[in-house]
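Undergrad: Quick one: the structure is below, and I'll ask about it shortly.
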Amino acid sequence: MILQTGQRTDIPAFYGQWLINRVRQGFVDVRNPYNPMQITRYPINHEVVDGIAFCTKNPLPFIPLLHEINDYRQYWHMTITPYGADIETNVPQVDLVIDGFKHISTKRNPQSMVWRYDPIILTHNYTVDFHFESFYKMAKALEGYTDTVVVSFLDIFEKVAQNFPEGYRPSLDIQTKIIKELVSIAHSHHMILKTCGEGDIFKELGVNTEGCFTLDCYERAWNVKLKAPKRTPARLECNCYLHGDIGAYDTCSHFCRYCYANTNQAAVRQNCLLHDPNSSLLIGKLSKTAIIKESAEKSWIVDTNYTQDSLF
């Protein structure tokens, strides 16, 4: 299986030692977000876990711990955007995150690293031209360290509407103008541009719309062939293979205003008080009445000497 760590929180930024402790112990317990007493127990060993997928805005706290999982395949999505504390309250400076991106890329390979420039948000301060300039600077800095950049426009989910009421999606004409320029910049720096959850509407502009966490992505990064069980799409527009996430909602202290995973800051702070790095659960501890279901996951790898064509 692919052990997912980043669809609900940012484990490298805030819970790295907990993850390392789970790897050492050989299993992790995950609450069902809709039924907290129902627990899924995933084994963590090389016979079952084919790789670990990360999503983070700040890899820096986790870098000193990376040697603990050197022998696990890794696939990194790292969000680097140009917003200030008015949008991304606790995210480090861009230059620091780029340095972290480069460090991990040199330890793995560029195919295992994905730069996310999303969501694209337009305000009085963050104009179209501002995004063009920021994207160019970041693409130039990351050239050679990745060959993939993922973009998307702001989605107004329920939690986003609550925490970022002035947020909106620009018109399709403006979206098209932005995508055309970002495709050009990305290609000039040897990167393919993908969209996340936007359907096929930008495909004719040179965008790869096949998904950003697909089996092909893992196969290309790791030179393996995978045969996975049938997936359940996260949403209609999503082609990604998201499976076995070990995170928890309301636990990310970046406090980005566009976050879909946090209800509010108070809920996050309350959960952080319940975090124990030595617990099998990210938040809290197992109760005597918890219902534990052992995962029946198996390795998806069918060929360890598989080479896929370049994206270019």
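Undergrad: Measuring from label point to label point, each 7 Å out along Cα→Cβ, what is the Asp276 to Gln38 span in nm?
TA: About 2.5 nm, to one decimal.
Undergrad: Over the chain, what relative contact order in percent results from Cα pairs under 8 Å that are six or more residues apart?
TA: RCO, the chain: 25 percent.
Undergrad: Can you give me the relative contact order of the stretch 177-312 as a percent, contacts being Cα pairs under 8 Å and 6 or more apart?
TA: With pairs under 8 Å counted, the relative contact order is 24 percent.
Undergrad: Determine the per residue accessible area of the stretch 40-128 with all protein chains present and a 1.4 angstrom probe, expressed in square angstrom.
TA: That works out to 38 Å² for each residue.
Undergrad: If you build a Gaussian network model of the chain, linking Cα atoms that sit under 10 Å apart, which residue out of Pro61, Pro277, Pro36 swings the most?
TA: Pro36
Undergrad: Carbon and sulfur atoms: what percent of the 1.4 Å accessible area of the stretch 1-49 do they account for?
TA: Numbers: 870 of 1860 Å².
For the stretch 1-49, the apolar C and S fraction of the accessible surface comes to 47 percent.
Undergrad: Can you give the local net charge around Gln265? Use residues other than it whose beta-carbon is closer than 11 angstrom to its beta-carbon, Lys and Arg +1, Asp and Glu -1.
TA: Local net charge: +1.
Undergrad: Obtain the nm distance between the two label points defined at Asn45 and His187 by a simple spin-label model: each point lies 7 Å from its Cα along the Cα-to-C-beta direction.
TA: Going from the Asn45 label point to the His187 one covers 4.9 nm.
Undergrad: Give me the angle, in degrees from 0 to 90, between the Cα long axis of helix 172-188 and the longest principal axis of the Cα atoms of the chain, rounded to the nearest 10.
TA: 80 degrees
Undergrad: Compute the angle between helix 94-107 and the longest alpha-carbon principal axis of the chain, please, reported from 0 to 90 degrees and rounded to the nearest 10.
TA: 60 degrees
Undergrad: Express in nm, to one decimal, how much length is gained between Tyr260 and His67 on full extension, taking 0.36 nm for each residue of separation and deducting their alpha carbon distance.
TA: Stretched fully, the Tyr260-His67 segment lengthens by 66.3 nm.
Undergrad: State in Å² the accessible area per residue of the stretch 154-312; use a 1.4 Å probe, count heavy atoms of protein chains only, and round to the nearest integer.
TA: I get 55 Å² per residue for this part.
Undergrad: Below 23 Å, Cα to Cα, which lysines can Lys177 reach? Residues fewer than 8 away in the same chain don't count.
TA: Cα-Cα hits under 23 Å: Lys137, Lys140, Lys194, Lys203.
Undergrad: Could you order peptides 264-275, 217-228, 153-164 by the average number of other Cβ atoms within 10 Å of their residues, highest first?
TA: Per-residue Cβ counts within 10 Å, averaged per peptide and sorted highest first, yield 217-228, 153-164, 264-275.
Undergrad: Pick out, in residue order, every one of the GluC sites (Glu not before Pro) in the stretch 234-304 that is DSSP loop and has at most 10 other C-beta atoms within 10 Å; say none if there are none. All intermediate terms of the calculation are to be shown ahead of the outcome.
TA: Numbers: sites: Glu237, Glu294, Glu297; in loops: Glu237, Glu297.
When the GluC sites (Glu not before Pro) of the stretch 234-304 are filtered for loop state and at most 10 Cβ neighbours within 10 Å, nothing remains.
Undergrad: Please figure out what share of the DSSP beta bridges in the chain is antiparallel and state it in percent, rounded to the nearest 5.
TA: Working: 9 of 36 bridges.
If we restrict to bridges inside the chain, about 25 percent are antiparallel.
Undergrad: A further question follows. Give the separation of the Cα centroids, the stretch 71-141 to the stretch 239-312, in Å.
TA: The distance from the Cα centre of the stretch 71-141 to that of the stretch 239-312 comes to 21 Å.
Undergrad: Of all the accessible heavy-atom surface of the stretch 74-132, with the other protein chains kept in place and a 1.4 Å probe, what percent is carbon and sulfur? Write out the running numbers ahead of the final one.
TA: Details: 1080 of 2250 Å².
Ligands and nucleic acids excluded, carbon and sulfur give 48 percent.
Undergrad: To make sure I understand the rule: partners must be lysines, Cα under 26 Å from the Cα of Lys293, and not fewer than 8 residues away in the same chain. Which ones qualify?
TA: Lys227, Lys230, Lys285
Undergrad: What whole number of Å gives the distance from the Cα centroid of the stretch 155-224 to the Cα centroid of the stretch 1-58?
TA: 26 Å
Undergrad: With everything on Cα atoms, drop me the angle between helix 16-25 and the longest principal axis of the chain, reported from 0 to 90° to the nearest 10.
TA: Compared with the principal axis, the helix lies near 40 degrees.
Undergrad: Let me ask another. At a Cα cut-off below 17 Å, give the aspartates and glutamates reachable from Lys180, other chains included and same-chain residues fewer than 8 away excluded.
TA: The qualifying aspartates and glutamates are Asp118, Asp129, Glu133, Glu198, Asp200, Glu204.
Undergrad: State whether the stretch 141-273 is rounded, prolate or oblate according to the following rule on the C-alpha gyration tensor (a ≥ b ≥ c being the square roots of its eigenvalues): a/c under 1.5 gives rounded; otherwise a/b larger than b/c gives prolate, and the remaining case gives oblate.
TA: Since a/c reaches 1.5 but b/c is at least a/b, the shape of the stretch 141-273 is classed as oblate.
Undergrad: PRE reach from Arg235 (point 7 Å along Cα→Cβ): which of the stretch 118-147 fall under 14 Å by backbone N?
TA: 119-120
The values are calculated or read from the model by the stated rules, or taken from the named source; none is laboratory data. This one's a predicted model, so the numbers in the text were calculated from it and none came from an experiment. Note that each Cβ is placed from the backbone with ideal geometry, even for glycine, and that neighbours are counted across all protein chains shown. Remember, those area values only see protein heavy atoms, side chains included, never the ligands or the DNA or RNA. Shrake-Rupley method; radii C 1.70, N 1.55, O 1.52, S 1.80 Å.
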